[in-house]
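Below: one structure, written as structure tokens.
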Amino acid sequence: AATLAKRKKVKEHAETELTTLRSDLARALPHELRTPLQCIVGYADLLCDPAGLQSFEEVAKMGGRILDAAQRLERMTENFLFYAQLHMTKDAPMRPHPTSATHDCAAVLAELATTRATARGRAADLRLDAADVGCGLVPKHFAKLVEELVDNAFKFSPADSEVDVTFAATPSGVRLTVRDRGRGMEPEQIARVGAYVQFDRGLHEQQGCGLGLGIAQGITALWGGTLAIERPEDGGTSVVVCLPAA
């Protein structure tokens, strides 16, 4: 009876998570697909009618917006595929290996953090402090981890507020910390962090399907690291990732 009761509780929990996942997907995915597609279709339709165009500059402007929308779709598609690959390999954790270690982490971190800050129009808000230490992740995974965490920090914090990115050695490996000054997350929201989850979307418009933290968690777990989300007393969100050394 005890075993059956335990099984029932596990099943109910799984069904609750599945229902939440379906709800998050139904709310976020159509919007994320429709918005860039409407932009692409709309401007492409205008370009098909040369008589309505005023100048070359106008054509270039439309082309730029089509490119932005297409790149947004491309990034979202790549994230879905990346998350799916992580999910398929989650039961086969990786271990640091000399031939696969990222030795120039500081340079990779600086380049990616600057790129994401510039893409969000927030280059002046970035505060970077990266020590010249290596970690045991393959370059592709380290780069993706940094990219998603830094992009999230800029996405969910107001303009002209600082975003701190630090990378330092620890006795057991390395630590990456990304801290923003946004609205922060409630404890129950932190507990629910995962793929396809976005909080208070009806109150705060935001791009993306909430895959960023899910991908970061997956990469960290795959390499035997830990990821913690904290809410500093003075506001914002701080994500602390501890990784194995090279």
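Figures for the structure shown
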| read-out | value |
| --- | --- |
| Evaluation of Thr220 against (1) farther than 24 Å from Ala117 by Cβ; (2) modelled with pLDDT of 85 or more; (3) crowded, with 20+ Cβ neighbours inside 10 Å (one fails), failing number | (1) |
| Any hit, segment 169-185, residues being modelled with pLDDT under 90, assigned to a helix (DSSP H, G or I) and either in contact with a strand residue (DSSP E or B) (Cβ under 9 Å, 6 or more places away or on another chain) or surrounded by 23 or more Cβ atoms within 10 Å (Cβ to Cβ) (or both) | no |
| Given (1) under 30 Å from Lys144 (Cβ atoms); (2) open to solvent by less than 40 Å² (accessible area, probe 1.4 Å), index of the condition Arg65 fails | (2) |
| Selection from segment 118-129 of residues that are surrounded by fewer than 18 Cβ atoms within 10 Å (Cβ to Cβ) and either of a type in the set (S, T, N, Q) or under 29 Å from Ala246 (Cβ atoms) (or both) | Thr118, Ala119, Arg127, Leu128, Asp129 |
| Residue ID - farthest from Gln85 (Cα to Cα), chosen from residues in segment 140-158 that are in contact with a helix residue (DSSP H, G or I) (Cβ under 7 Å, 6 or more places away or on another chain) and open to solvent by 20 Å² or more (accessible area, probe 1.4 Å) | Asn152 |
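The values are calculated or read from the model by the stated rules, or taken from the named source; none is laboratory data. Source: prediction; values computed, not measured. Cβ coordinates were reconstructed from backbone atoms using ideal geometry, including for glycine residues, and neighbour counts include every protein chain displayed. Quick note on the areas: whole protein, heavy atoms, side chains included, nothing else; ligands and nucleic acids left out. Shrake-Rupley method; radii C 1.70, N 1.55, O 1.52, S 1.80 Å.
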